[in-house]
Each structure stands twice: as structure tokens, then as C-alpha cells.
Amino acid sequence: MTIVLADPPCKGDNGFCAPGTDSFMFKPLVEWEWLNIHFQITKITILVWISVVLLIVLLLAAVRNPKIVPERGQWMAESVYGLVRNNIAEDMIGHEGLRFAPYLATLFCFILVTNIWGIIPVAQISPNAHIAYPAFLAIISWLMFNIVGIRKHGAKKYFGDILFMPGVPKVMYILLTPIEFISTLIVRPITLAVRLFANMFAGHLLLLVFTLGTTYLLSVHNFSKIFALPSFLMTILLTFFELFIEILQAYVFVVLTASYLQGALAEEH
Amino acid sequence: MPEAPKPPDRRGDAGVGWAVLSTLLAGILVWGGIGWLIDLWLHTWVGIVVGMLVGFAGAIYLIIRKYGN
């Protein structure tokens, strides 16, 4: 059962309270004003803080006393880092990609842990279901691949190659340059952020629909009561499905960041 | 001793699918948008349709040049 710290969205009606965007807004635990900006500490903020502390503690503990034959914690940390380093950084970007392995691994761990809050009892929501977190991660990745590209090729050649694809008749640039500009510099970061956000948002809504559905169906006094069982089973099923999506989306975000880095570093790119 | 087969170069494979999608999207959006602005300006209605088709064609051309062969 979800412990929702948000108000139920229904007013006046005794029917089923469908979850909506209100389900993502939590009562601030602390709030203050500073420079006309309204600051709030909510459940989401707390979850992000816990994620960061958890990652630091677990990873430090895993490598504090490294052994040649690793114990479980060290083995797990090394597996995750190895996966990102070998299967993403090196395979996709090449030898040059190794220097991005720490960033990509950090990104993977952070997104993974923040995503998995979506199915942890009591937490039951991923901070990434708020667009701000995926958007900020996407901005970091966007800045990174552009800066890496500019540093490698120089701004003129880097943007020149993006906007004016080599080996194309000059007239075609009128048609192609706007498309290239939008798709590389604008659509890329937006899709990166929205993909993660929308997956976590939809996942939370799905779980809410079936958990709230179960409790609502149990409360009715007619034949419909029996449908509480399939609704409950769907909740269980979707929880496992969400676990899969949460891991997959962390992986996809990192793979795409690596592919953008590869594109920025490539000779012709 | 036979030479071990070289592993295929799969570099950036995963990104290509998304790159194709974002190029198509950008093509239709950009030229559809330009067509729509022309429609607003000239009070016509064909601009957005022509724009989207032109953008689509441009995106396909780009994709073939970039990821074809």
C-alpha cells in the first residue's frame, strides 16, 4: 500500500479518486523564501539526499579495503563499474572513452538509485518523476558532449561539421542546416530528459492507479469487490515491470550520453 | 594458425536509432514550423503541409547520407 504524503485529489465526490498530477506534489516539510525564490524541502528532496549518502557510503565501504579476491560488496561495485567502463565507455566511444568512465558510472549509479525509489515501500516515488532532475542531468550531459567536441576540434570545426554536413551540395544546406541544428543541439537534450522523466512519471501513475483501485474496490459494497484481486495482482506484476524499466532507463540514459560523446569526438562527426 | 575473426565494430550502434528518430522529428518540426509561420504571414493553409513534407524529405536525405551504407 502506498503511503502518499500528498492530499487525495478528490473533493466532494465519493467515487474513485483517480491519481493525477496532484499525486506528485508533496507537502513541503520545510520551506523558506530567499531572493524571491520559494524553496521547499519535500519527500523528493529527502529521497535525493538519501540516494547521495547511500551511494557514497556503499561505494566507499566497497573499496575501502580492496582484496584480490573481492567480497560481495566490492564485487558488486566492481561489476557495475566494469559494466559501464567496458560495455559502455570502451565499446561505444573507444579507447578515448575510458576517461569518461567515472562520469558515466556515476551517472548510471545515481539514476539507478533514484529510479528504484519508485518501488521501495514508503518512498514509492522516483525523484526522476519530477522533470527538474532528468532535465538537470540532461543539461550536464549536453554541456559535456559539446565542450568535449569543442576542445577536440575547436568551436569552428565542431559546429561547422554539425551544421554543414560534409559532402553535400551547397544548395542542400538551406534545407538541412536547420534540421541538423535542432536535432543535435535541441532535440537531443530534451529527449534525453523527457524519456527518463516520462518513464518514471508514467510508472508512478500506473502503480497508483492499481493500488488506489485495489483499496477503492475493497471499499465498495457490491459485486465489484471481486475485482480488487486482479487489481492487486496487477500492482505486483507492475512493480516487477517497473524494476525492469527503472534499470533499463538508467542504462539508456548512460548509453545515449556515451553515444553523444562518441559523436562529438568522431573525426568526421 | 587461422586468424581470429575481428569483432564487428558496433561503436555507437545504440545511438543510431535515436539519432534517426530525432532527425526525423527535427525535420518535420523545423520545416513544418517555418511553413506554419508562412501560413500566418500570408493567411494560407498549405505552408504547414508543404513544410512538413519538405522537412520529412530533408530528414530522410540526411539519414541516408549519414547512416546509409
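For this structure, a couple of remarks:
- When A:259, A:231, A:219 are checked against the criterion of being exposed (fewer than 15 other Cβ atoms within 10 Å of the Cβ) and of a type in the set (S, T, N, Q), A:219 stands alone in meeting it.
- Residue satisfying condition, being at pLDDT 90 or above, assigned to a helix (DSSP H, G or I) and under 16 Å from the mean Cα position of the chain (by Cα), within set A:240, A:253: A:253
- Restricting attention to region A:124-176, the residues that are surrounded by fewer than 17 Cβ atoms within 10 Å (Cβ to Cβ) and free of Cβ contacts under 8 Å to residues at least 60 places away in the same chain add up to 23.
- From the list A:214, A:184, the lone residue that is surrounded by 18 or more Cβ atoms within 10 Å (Cβ to Cβ) and within 9 Å of chain B (Cβ to nearest Cβ) is A:184.
Yes/no matrix, rows are residues, columns are (1) exposed (fewer than 12 other Cβ atoms within 10 Å of the Cβ); (2) modelled with pLDDT under 85; (3) under 23 Å from the mean Cα position of the chain (by Cα); (4) closer than 20 Å to residue A:127 by Cα:
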{"residue": "A:11", "(1), (2), (3), (4)": "yes, yes, no, no"}
{"residue": "A:14", "(1), (2), (3), (4)": "yes, yes, no, no"}
{"residue": "A:37", "(1), (2), (3), (4)": "yes, no, no, no"}
{"residue": "A:43", "(1), (2), (3), (4)": "no, no, yes, yes"}
{"residue": "A:46", "(1), (2), (3), (4)": "no, no, yes, yes"}
{"residue": "A:53", "(1), (2), (3), (4)": "yes, no, yes, yes"}
{"residue": "A:71", "(1), (2), (3), (4)": "yes, yes, no, no"}
{"residue": "A:82", "(1), (2), (3), (4)": "no, no, yes, no"}
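- Residue A:183 satisfies every condition listed in (1) under 30 Å from residue A:265 (Cβ atoms); (2) at pLDDT below 85; (3) not basic (Lys, Arg) except (2).
- The combined condition, being more than 26 Å from residue A:77 (Cβ to Cβ), at pLDDT 85 or above and surrounded by 19 or more Cβ atoms within 10 Å (Cβ to Cβ), is not fulfilled by residue A:101.
- Positions within region A:53-94 being within 14 Å of chain B (Cβ to nearest Cβ), assigned to a helix (DSSP H, G or I) and in contact (Cβ under 8 Å) with a residue 40 or more places away in the chain, in sequence order: A:84, A:88, A:89, A:92, A:93
- Check on residue A:247, of a type outside the set (Phe, Trp, Tyr), under 13 Å from residue A:203 (Cβ atoms) and in a helix (DSSP H, G or I): yes
- Residues of region B:18-63 that turn out to be within 11 Å of chain A (Cβ to nearest Cβ) and of a type in the set (A, V, I, L, M), as a count: 16
Matching residues to (1) away from chain B (no Cβ under 14 Å); (2) farther than 17 Å from residue A:261 by Cβ; (3) of a type outside the set (Lys, Arg):
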position	(1), (2), (3)
A:113	yes, yes, yes
A:117	yes, yes, yes
A:134	yes, yes, yes
A:150	yes, no, yes
A:167	no, yes, yes
A:174	no, yes, yes
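- Scanning region A:95-114 for residues that are touching a residue at least 24 places away in the same chain (Cβ under 8 Å) and hydroxyl-bearing (Ser, Thr, Tyr) returns A:103, A:114.
- With respect to the stated conditions, residue A:191 is outside any loop (DSSP other than H, G, I, E, B), within 14 Å of chain B (Cβ to nearest Cβ) and without any contact (Cβ under 8 Å) to a residue 60 or more places away in the chain.
The values are calculated or read from the model by the stated rules, or taken from the named source; none is laboratory data. Remember, predicted model here, so these are calculated numbers, not experimental data. Here Cβ is always computed from backbone atoms with ideal geometry, including for glycine, and neighbour counts include all displayed protein chains.
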